[in-house]
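For reference, the structure is listed below as structure tokens.
The values are calculated or read from the model by the stated rules, or taken from the named source; none is laboratory data. Just so it is clear, the model here is predicted, and its values are computed rather than measured. Cβ coordinates were reconstructed from backbone atoms using ideal geometry, including for glycine residues, and neighbour counts include every protein chain displayed.
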Amino acid sequence: MNPADRGDVVGRFPRSDKADLDDAVAAAEKAYPEWRRTPPPERGQIILRAAGLLKQRKDELARLMTREMGKVLKEAGGDVQEAIDMGEFIAGMGRRPFGEAVPSELRDKISFTWREPIGVVGCITPWNFPIAIPSWKVFPALMAGNAVVFKPAEDTPLCALRFVEVLAEAGLPAGVVNLVHGLGEEAGGALVEHPGVRAISFTGSAEVGRIIAARCGQLLKRVALELGGKNAIVVMDDADIELAVEGAQWAAFGTSGQRCTAASRLIVQERVLTDFSELLRSRAEKMRVGSGLDPEVEMGPVINRKQLERVHSYTEVGVAERAKLMTGGHILDDAAHASGNFYAPTVFTDVTPGMRIAQEEIFGPTTAIMPVASFEQAIEYANSTAYGLSLAIYTRDVNRAFKAMRELESGIVYVNAPTIGAEIQTPFGGVKNTGNGHREAGTGALDEFSEWKSIYVDYSGRLQKAQIDTA
Ligand code: ADP
């Protein structure tokens, strides 16, 4: 259903179960040996063609995405663009070295390494970047020579379908990528359990990530997790305040706050607190909220009714914790908004680190201003959550900026830019409870999806013993 207009049914999709999943894995296992032997430059050509098709269809896919999950058209276009960029970036890897030649301690002997695929890998994705996130997983998985079973989020099956159709059209052999719709516990759970699936790449909630990690631990299956964030923008009193407010607005309310890198905390030094807060309040109150298909609209709906209620429950939590509600804090249910899942851009202030609204991921258009006295306190507050995905600082003091780069506990740090806006050529992921040590995208994009093989060739014609003293 269109989250901006619940009467608009976008499509009907199968609720696949274990039997469908078994078929998908069997197809992947059948296609895998031939795909594994396909030269990487040839795999790259297919990925490049897929990127080209995404480029041709960018506008159409963006409209479809806005209708299916609500983000405004420009952001939906950005989502498709990210997949295009990722495709072009990964395709080029097909002609780059995958390993190293390594000197041996012995004469007439050489060792080298190459990457090997893992086998059949499972990709489980969320709805908030319904084309970009699948591309971060599926393109590198394919480049590394794996076959894929892809289980997208229940809320965005159509974007997933279009993405896989593009791959098929680009010439990907049948069975190399297999799409299975369905519910998380059912289809997703069956994918995690399947003995033919050797690795799981998951992006979603911390709650589900823990379940999947525990199961993969028992099954000794490789698992890469990209979970939540409780990201913060630090604003020092020497910052360009207008720039910081503009960045905060974009990072807090872009995609209705439904990005894992959204800025749900704004840590502001006391001297600029009033100016910053008032500017942000006035910008939040002027935001046009509505269907993302309307080019005038700045913020679309929340993904579904359940999430809308969850977002509102956090407003109640914040009020009960005695944070000060500056603006928003309610479901928009006037005539223009009643048929969609719309929430008013919401700003709390006087928030302290012990409060739940300063600790838990809300995944909605709600942000919390946290006043601080000093740089040291700002860093302490920024690092005070279980998560560590994206942190930002606005300052004109270069020494402070570098200290912040070092001290902020997160996989991504921004200086004089907000917490959102990662580019695909840099590793993406977080520390602490945001993940389990893996990174997507960047030059290491294949790491998640490949194994290293070390090979030794002895051309001396005699038995040489490594690590054994001969003198
Ligand atoms: P979000 O809160 O972003 O919707 P979820 O973690 O609930 O995140 O869902 C992310 C993805 O994980 C979706 O594709 C969903 O279907 C899937 N999923 C949910 N529960 C499970 C589970 N128990 N096992 C495997 N996949 C699951």
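Among the conditions (1) part of a helix (DSSP H, G or I); (2) without any contact (Cβ under 8 Å) to a residue 60 or more places away in the chain; (3) touching a helix residue (DSSP H, G or I) at 6+ places or on another chain (Cβ under 8 Å), P41 misses just one, which is (3).
The residue that is surrounded by the most Cβ atoms within 10 Å (Cβ to Cβ), among those in the range 357-379 that are within 16 Å of the ligand (Cβ to nearest atom) and more than 19 Å from R281 (Cβ to Cβ), is F363.
The residues of the range 380-396 that are closer than 23 Å to R439 by Cβ and surrounded by fewer than 24 Cβ atoms within 10 Å (Cβ to Cβ), listed by number, are N383, A386, G388.
Within the range 227-275, the set of residues being in a strand (DSSP E or B) and surrounded by 24 or more Cβ atoms within 10 Å (Cβ to Cβ) comprises N231, A232, I233, V234, V235, A263, S264, R265, L266, I267, V268. Selection over the range 305-364 of residues that are under 20 Å from G290 (Cβ atoms) and of a type in the set (G, A, S) gives a count of 9.
Within the range 340-356, which residues are touching a residue at least 40 places away in the same chain (Cβ under 8 Å) and crowded, with 23+ Cβ neighbours inside 10 Å?
Across the range 340-356, the qualifying residues are G340, N341, F342, Y343, P345, T346, V347, V351.
Taking the range 169-183 as the search range and keeping residues that are aliphatic (A, V, I, L, M) and surrounded by fewer than 17 Cβ atoms within 10 Å (Cβ to Cβ), which one is nearest to the ligand (Cβ to nearest atom)? Within the range 169-183, the match that is nearest to the ligand (Cβ to nearest atom) is L183.
In this structure, P126 does not satisfy being within 28 Å of K453 (Cβ to Cβ) and part of a loop (DSSP other than H, G, I, E, B).
Quick grid of which residues meet (1) more than 10 Å from the ligand (Cβ to nearest atom); (2) among the hydrophobic types (A, V, I, L, M, F, W, C); (3) surrounded by fewer than 23 Cβ atoms within 10 Å (Cβ to Cβ); (4) assigned to a helix (DSSP H, G or I):
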| position | (1), (2), (3), (4) |
| --- | --- |
| P134 | yes, no, no, yes |
| V149 | yes, yes, no, no |
| V164 | yes, yes, yes, yes |
| L167 | yes, yes, no, yes |
| E185 | no, no, yes, yes |
| A199 | yes, yes, yes, no |
| I211 | no, yes, yes, yes |
| G217 | yes, no, yes, yes |
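Could you tell me whether the range 107-122 includes any residue that is under 17 Å from the mean Cα position of the chain (by Cα) and either in contact (Cβ under 8 Å) with a residue 24 or more places away in the chain or within 16 Å of the ligand (Cβ to nearest atom) (or both)? So far as the range 107-122 goes, yes, one or more of its residues are under 17 Å from the mean Cα position of the chain (by Cα) and either in contact (Cβ under 8 Å) with a residue 24 or more places away in the chain or within 16 Å of the ligand (Cβ to nearest atom) (or both). Would you check if R283 is within 12 Å of the ligand (Cβ to nearest atom), of a type outside the set (A, V, I, L, M) and outside any strand (DSSP E or B)? In short, no. Consider G254 carefully, then state whether it is at pLDDT 95 or above, within 8 Å of the ligand (Cβ to nearest atom), touching a helix residue (DSSP H, G or I) at 6+ places or on another chain (Cβ under 7 Å) and on the phi < 0 side of the Ramachandran plot. Answer is no for this residue. Can you say whether A224 is outside any helix (DSSP H, G or I), within 14 Å of the chain's Cα centre (by Cα) and either assigned by TED's automatic domain parsing to the domain that holds E407 or buried (at least 24 other Cβ atoms within 10 Å of the Cβ) (or both), as far as the supplied structure shows? Yes. Considering each residue of the range 306-327 in turn, at least one proves to be over 30 Å from A401 (Cβ atoms) and part of a loop (DSSP other than H, G, I, E, B).
The residues in the range 190-215 that are over 20 Å from the mean Cα position of the chain (by Cα) and without any contact (Cβ under 8 Å) to a residue 60 or more places away in the chain can be counted, and the count is 4.
Take K306 and tell me if it is among the basic types (K, R) and over 23 Å from the mean Cα position of the chain (by Cα). First the steps, then the outcome.
Details: among the basic types (K, R): yes; over 23 Å from the mean Cα position of the chain (by Cα): no.
No, not satisfied.
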